[in-house]
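Student: Below is the structure I would like to discuss, written out as structure tokens.
Values in this text are rule-based calculations from the coordinates and carry no lab data. Since we're looking at a predicted model, the values are computed, not measured. Note that we place each Cβ from the backbone using ideal geometry, even for glycine, and neighbour counts take in every protein chain shown.
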Amino acid sequence: GNSVTQMEGPVTLSEEAFLTINCTYTATGYPSLFWYVQYPGEGLQLLLKATKADDKGSNKGFEATYRKETTSFHLEKGSVQVSDSAVYFCATTDNTDKLIFGTGTRLQVFP
Amino acid sequence: ETGVTQTPRHLVMGMTNKKSLKCEQHLGHNAMYWYKQSAKKPLELMFVYNFKEQTENNSVPSRFSPECPNSSHLFLHLHTLQPEDSALYLCASSPRGVDRQETQYFGPGTRLLVL
């Protein structure tokens with residue numbers, strides 16, 4: 001079945017550093033790809049998504065491009081802030097349109 | 001847009017207890033979901049209700065019993081749970097039903113501890 005693999009954390013960065021969180025997917029058909037974020041004590045919320053190859057999702061300075069040739073959807077941000085500290089989940093859809101999540105990557109940003 | 005509420009936020013129960021988790025959304029969404037989030041594991045989809053009909057039971061043990069009385073409310077009834085059922089239980093909803101392009105909106109979760 002469809003799946004995603006994302007880098008293990010925690011990722012620890014200083015404020016204003018460049019962020020990359022890797023995500024690769026295995027899928028049949030034409031899945032959508034998502035990044036969700038979970039702040040402490042909260043549920044998940046959508047950060048960005050892409051529904052077809054070469055689409056770029058972006059939100060709050062974060063970007064990810066749906067790359068079919070490398071089956072990747074890496075999350076990037078040029079300059080992280082302390083408030084970006086959270087757990088980031090990559091997700092894809094399966095052939096019945098259900099979400100399949102990765103294990104999550106914890107990001108810790110220090111001043 | 002938080003729109004999805006869950007009660008209680010925290011629950012401690014013994015293995016012989018019966019309790020229920022409640023999820024409510026007033027977003028006019030047509031699909032609702034229960035997920036289990038355990039440490040170091042991906043989110044596990046448990047149940048899906050699409051237009052009030054249960055369309056997914058992801059091999060969940062019968063000690064978990066969902067109920068969807070209307071499109072705004074979803075319950076998870078718990079009985080004779082095991083300690084390994086301790087986890088964060090998340091409810092979510094999506095606008096047009098189950099669709100590969102749809103965004104799911106999550107509640108804050110119920111943190112469950114089974115003693």
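Student: Quick one: in the stretch A:58-111, which of the residues that are of a type in the set (D, E, K, R) and away from chain B (no Cβ under 12 Å) is surrounded by the fewest Cβ atoms within 10 Å (Cβ to Cβ)?
Tutor: Checking each candidate, the answer is A:GLU69.
Student: If I ask for residues that are within 15 Å of the chain's Cα centre (by Cα), crowded, with 20+ Cβ neighbours inside 10 Å and more than 15 Å from A:VAL4 (Cα to Cα), which ones from the stretch A:25-46 would you list?
Tutor: A:VAL37, A:GLN38, A:LEU44
Student: How many residues does the stretch B:103-115 contain that are surrounded by 21 or more Cβ atoms within 10 Å (Cβ to Cβ), more than 20 Å from A:TRP35 (Cβ to Cβ) and either of a type outside the set (S, T, N, Q) or out of contact with any strand residue (DSSP E or B) (no Cβ under 7 Å at 6 or more places or on another chain) (or both)?
Tutor: Qualifying residue count, the stretch B:103-115: 1.
Student: Another one. Here are the criteria: (1) away from chain B (no Cβ under 14 Å); (2) among the small types (Gly, Ala, Ser); (3) in contact with a Leu (Cβ under 7 Å, 6 or more places away or on another chain). Tell me which single one A:ALA50 does not satisfy.
Tutor: All conditions pass for A:ALA50, except number (1).
Student: I'm checking my understanding of the structure. Among residues of the stretch A:11-42 that are part of a loop (DSSP other than H, G, I, E, B) and farther than 21 Å from A:LYS60 by Cα, which one is farthest from the other protein chains (Cβ to nearest Cβ)?
Tutor: A:THR28
Student: Look through the stretch B:76-102, keep the residues that are surrounded by fewer than 17 Cβ atoms within 10 Å (Cβ to Cβ) and in contact with a Ser or Thr (Cβ under 7 Å, 6 or more places away or on another chain), and return whichever of them is nearest to the other protein chains (Cβ to nearest Cβ).
Tutor: Result: B:GLN101.
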